[in-house]
Every structure is written in C-alpha cells, then in structure tokens.
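Worksheet: one structure, shown below.
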Amino acid sequence: MRHLGALALAACLLFLSGCQRTAAPRTEAEDALRTTEGALATSNLDALVQAREAAIARDERFAAERAVLVDLLQTRGQLFGRLADYDTAETIADAAVEKAPHLPESWLARASSRLTLHRFDEALLDLDEAKRRGAEPDALEALRASVLLAEGHTDEALPLRRHAVQRWASTSNLTALAVAEVAAGEVALAKQHLDAATRAFHDVAPFPIVFIAFQRGLLAEEAGNFDGAAARYRAVLQRLPRHVQATVHLAAIELARGRPEAAADVLAPLGALPDPEVMALRADVLERQGHPADAETLREAVEARYRTLVARHPQAFADHAARFLLFRDAPSALALARLNLQVRSTPQAFELALSAAHAAGDEGLRCRLSADARRVPHPTRRLEALVKAGLEGCAPATLPAVAGGLSR
C-alpha cells in the first residue's frame, strides 16, 4: 500500500507483545508541528477523489488522471478502512493500462494496485513494463523497494531506500527508510530517521506526520511499552480522528489492559465501518462487557466478511483472515497462513504459519516450518520463541532434510 513520485501523497502514507508499565511517554518533536485540521484534510482528500472521477467521466482520454486517482483511492482506503476503495483502484488501474498502455504512469499505477493487493509477481512485471515505457527511475525504485520489503527481501530493499535518501532526504524517503530499517531490526537507526523525517517536514498536510507518529506507536508496542504506544496512537487520532489503524491498535491496547469501555470509546468514531478488524474488536468488547451472544453474532458476520474478501483478493486478506480464524477454524486458518507464506516469507508470515500449525495440531508441519524459519534473516523475538518451541518435540534426524525449503 505504498506509492511513487508523481503520486507522492500515498508515498507519505506507507505505511501485540507483552505489556509493561513505563514512565510517562516523552513528547515527540512532531507533536509541536501545526498541520491542517483532520476533518478538513479528510474533506480535501474526498474532494480530490471526486474531481478526478469527474474528469475521467467527462473525457476518458484523461489517462494521467487515472494514475492519480488510483493513488488517492489507495490512500483513502488505507487511512480510513474503506476497503471498497481498493476494488475501485484496481478497476481504474486496469483501465489505465487498457486505454493508455503507452504511458509509463499507467503501468506504475497498476503495479501499485497489485502491490496493495499482495500480487507481488504481477506488480514486478508491471514495473518492468513501466521501465520499458520510460518511467522515472525514482518512481520505479520506490515501488520495487516496497515490493521487496513486502515479500520479506529486506536486505535487497534497504539499499534502494538508502539510495533514495541519498538523492533526496525528504520526509517521505526518510520514513520509508525507517520502515525498512525496522524490518531489518535496525530500530535505533529507524528512530533516528523518523526524527530526521520530522525535521525535514515543511508542509501543512497532516498525513506524513500521522504516519511518523503511527510508526513510533508500532515501535513502542513491539517493545512492550503500551503506555508509549497508546500515547502515539492518540497523537495520530488527535490529528486524524478516524485513522483506522491507530484506532484498532489503541482499542486493542485498552482491551489488553482490561478496559472494554475505554476500547468501545476508541472505536465509537468509526461507526458501523465494515472493516473486519474493527468488527472483530467490537465483538471482543461485547464479550468483555458480558454480551457473549451478541459477540458471537458479530463474529459470524466477521467470518463471512473475511470469506468474501479472501474469495476476491486471497493474497491480500489471507493473513488477516487466518489470524481471526486461528481459534475458530484452525484448519482453515492454517490453509490461509500457508497461502500467505507462499506469497511472502516475512518473520510475521512465519509466526502466523507456526501458530496456525500448532492450533491445528499439525506438529509435523510445525517442525518443518520451524526448521525453515531458522533461515529468516531478521527474525523477531516472537519468531525466535516460536521456532524454539516448535523444534523442541521434533526428531532431530528429520530436520536437516527439510531445512532447505518451505513445505507448500
């Protein structure tokens, strides 16, 4: 869900562990920056989408407008959980290639759409075609790095991200580099580059600053610092009240703290948004509030929603659906987790597959996956723990034979 040069807005928008109590979270430099009020920024984004849609409706020859519209729709979908925007963006990107194949922007737009939907091999083919059509090197490099990172090829993506910063140390390039560094386990460097990204900010749009605050929240959450994470997510929501990812993470933290009423308050601004992660959290809140029947009814709706989304975009929603189904339908969760692992070999993909294999009682697969996961170049602490547990009951003689490749 990342993008490129002429479509720079979404490039700024690229983008639960143990709980520990800490001292009051520090104030970050970006908190002092003044940006456009969130409701106005959201309205402006909607207006941009509508303007491009109107331009295309008036004259189909406005091919460049399609590329911009794809970017705007993906931005809105990511920020506010409007999943239908991804379907619309896919349709428009396909039309861009069909109606204006001579424009490199058409192929870049479709590559971006396919990246968002985790169709990585197809995205790379579109990038190759965009290159043949004369696409800007910066745009190609940015999207290629995003694909590599999403696939789990962090060591290949990092040089591209560093090269971009060497050319132009913008807020967008610095935050993109920080994301890659986090994936590589270089957290201290990532924090330095988030600080640099804040210093490089000279705009009024809230989106880049929201992205930085959200990344800081993820870092704190991964470290087990729920207080620091909650403070960062609240900073995001102060600037952009309906930011769906910050809402989901903050509500999950409140639930982890045993505060379902606070979680309900966090979720309230999203209304009846049909995002399955939001719906699942609402079900958890109902359960904690003593309404198990209502919670189960809502979970059935979540399951149906995921099955619909997986049927349409299997690669994009396999991991989300697998996490939800882990303790409801372990065999289905395992099948989805294995599909996700075929698409990308990230530490998180291995974590999910190992958890699903254990939940489904497939200890043979768990052993094979644990052996394969030892080859992941930048494992998380959670993955290391899962691999250690997964290997404990395995017959040592079988491990060397399976360590060379994944079981598909």
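The values are calculated or read from the model by the stated rules, or taken from the named source; none is laboratory data. Given the structure is predicted, the values throughout are model-derived calculations rather than measurements. FYI the Cβ positions are ideal-geometry reconstructions off the backbone, even for glycines, and counts take in every protein chain you see.
For the stretch 37-69, a tally of residues being modelled with pLDDT of 95 or more and among the β-branched types (Val, Ile, Thr) returns 2. Each residue in the stretch 341-363 was checked for being under 23 Å from Glu122 (Cα atoms), assigned to a helix (DSSP H, G or I) and polar (S, T, N, Q), and 2 pass. If you check Arg366, Arg338 for being out of contact with any His (no Cβ under 6 Å at 6 or more places or on another chain), at pLDDT 95 or above, in a helix (DSSP H, G or I) and not acidic (Asp, Glu), only one passes: Arg338. Total residues in the stretch 330-388 satisfying the condition of being among the hydroxyl-bearing types (Ser, Thr, Tyr) and closer than 19 Å to Arg119 by Cα: the figure is 2.
Given the structure, is Ala169 surrounded by fewer than 18 Cβ atoms within 10 Å (Cβ to Cβ) and aliphatic (A, V, I, L, M)?
yes
Those helices (runs of 4 or more DSSP H) of the stretch 37-100 in which at least 2 residues are over 25 Å from Arg305 (Cβ atoms) and acidic (Asp, Glu), considering only elements entirely within it, cover 63-80.
Considering Gln215, Gln192, Gln166, the condition of being over 28 Å from Gly38 (Cα atoms) and of a type in the set (S, T, N, Q) is satisfied by Gln166 alone. Looking at the structure I just gave you, is Ala176 surrounded by 21 or more Cβ atoms within 10 Å (Cβ to Cβ), touching a Lys or Arg at 6+ places or on another chain (Cβ under 7 Å) and either part of a helix (DSSP H, G or I) or among the polar types (S, T, N, Q) (or both)? When the stated conditions are applied, Ala176 passes them. Residue count for the stretch 342-351, restricted to those that are under 15 Å from the mean Cα position of the chain (by Cα) and surrounded by 22 or more Cβ atoms within 10 Å (Cβ to Cβ): 3.
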